[in-house]
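**Q** Before I ask anything, here is the structure I am working with.
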Amino acid sequence: MIAANIEKIKIQIGLNTRLIAVSKTKPVSALQEAYDAGQRLFGENKVQEMVDKHTQLPEDIEWHMIGHLQSNKVKYIAPFVSLIHGVDSLKLLEVIDKEGVKNNRIIPCLLQVYIAKEETKFGLEASEIEELLGSNNFKGLKNIAIYGLMGMASNTEDLEQVRLEFTGLKSLFDKLKSTYFNEDARFTEISMGMSGDYQIAIDEGATLVRIGSSIFGSR
Ligand SMILES: *Cc1c(COP(=O)(O)O)cnc(C)c1O
């Protein structure tokens, strides 16, 4: 079941987009099944759960933190996390940087952009991102690297609305790329699209899709 779902999704998303299997709340056995089907990128939204699963599963998995991350918990994932998707403040980036120094590594991060119409989602407005990227405090951070942007579309049946939100994220990415990251080849990722909207996200330029229920079943 899991293997067949992954197979099907990989064909749909093509070669320019990578699949993150969102395995939150699912048992280690389900992740192992996905791993055996060739899946290597996994997304979790809780620190403790990611740490537990990381210790029980093979070393060559890329662990993606997709949930809202609290500053006091960064230290638990700093040694091994592949990409932190939900960075939404300079303060959090500073903590991640400090943990990067302690672990003698550069920790890859995405800035989470507020693209939905709803009030509930986390993220930064475009103007706040520009302010962050232009600040001297940001320029001093050597143990984080901004790999790109992440966004979550509105949870709505209105697919045109969803498409507009993804298009907006892609244009912001292009603008930031030319303004702030012209000489930084690491700024390449657009993380957008979940089970309900990944086809649209891919059309609009997603490089990473985060898919849970279409692989592992509903939670
Ligand atoms: C849970 C989650 C997903 C995956 O959602 P599905 O609808 O199960 O595919 C993607 N992104 C984030 C940030 C999530 O929390």
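The values are calculated or read from the model by the stated rules, or taken from the named source; none is laboratory data. Note that the structure is predicted; figures quoted are calculated from it, not measured. We place every Cβ from the backbone using ideal geometry, glycine too, and count neighbours over all the protein chains shown. Keep in mind that these areas ignore ligands, DNA and RNA; they rest on the heavy atoms of the full protein, side chains included. Shrake-Rupley method; radii C 1.70, N 1.55, O 1.52, S 1.80 Å.
**Q** Between L133 and N104, 0.36 nm times their residue separation minus their Cα-Cα distance comes to what?
**A** In short, 8.1 nm is gained.
**Q** For Cα pairs less than 8 Å apart in space and 6+ apart in sequence, what is the mean separation divided by the residue count of the chain, i.e. the relative contact order in percent?
**A** Dividing the mean separation by the residue count of the chain yields 20 percent.
**Q** Would you mind getting me the FRET efficiency between A3 and E49? Use the beta-carbon distance for r and R0 = 22 Å, nearest 0.05.
**A** Computed FRET efficiency for A3 and E49: 0.45.
**Q** Rounded, prolate or oblate: which fits the stretch 69-192 when a ≥ b ≥ c are the square roots of the eigenvalues of the alpha-carbon gyration tensor, with rounded for a/c under 1.5 and prolate only if a/b beats b/c?
**A** Note, shape of the stretch 69-192 comes out prolate.
**Q** At 7 Å along Cα-to-Cβ for each site, give me the label-to-label distance between K142 and S29 in nm.
**A** So the two model labels end up 4.9 nm from each other.
**Q** May I pose another question? Pulled fully out, how much extra length does the chain show between Q56 and T167, if you take 0.36 nm times their separation in residues and subtract their Cα-Cα distance? If you can, show how the numbers build up before the last one.
**A** Working: separation 111, 0.36 × 111 = 39.96 nm, distance 3.84 nm.
Extra length from Q56 to T167 when fully extended: 36.1 nm.
**Q** With each pseudo-label sitting 7 Å past Cα toward Cβ, what's the K91-Q12 distance in nm, one decimal?
**A** The two pseudo-label positions are separated by 3.9 nm.
**Q** Could I ask something else about it? Please compare each pair in K73/K117; K91/K142; K73/K98; K10/K175; K26/K170 to a cut-off of 23 Å on the Cα-Cα distance and tell me which ones are over it.
**A** Check vs 23 Å cut-off fails for K73/K117; K10/K175; K26/K170.
**Q** Determine the per residue accessible area of the stretch 2-216 with all protein chains present and a 1.4 angstrom probe, expressed in square angstrom.
**A** Ligands and nucleic acids excluded, the result is 47 Å² per residue.
**Q** Something else: Among rounded, prolate and oblate, which fits the chain when a ≥ b ≥ c are the square roots of the eigenvalues of its C-alpha gyration tensor, a/c under 1.5 means rounded, and a/b larger than b/c means prolate?
**A** The shape class here is oblate.
**Q** Hey, what number do you get for the chain at 222 nm if only DSSP H runs of n ≥ 4 count, each worth -39500 (n - 2.57), divided across all residues, to the nearest 500?
**A** Helices in the chain give a 222 nm mean residue ellipticity of -12000 deg cm²/dmol.
**Q** Further question: Want the number for E183 to S195: 0.36 nm per residue separation, take away the alpha-carbon distance, what's left?
**A** Difference between extended and current length: 0.9 nm.
**Q** Could I ask something else about it? How many angstrom separate the Cα center of the stretch 99-137 from the Cα center of the stretch 165-219?
**A** That distance is 15 Å.
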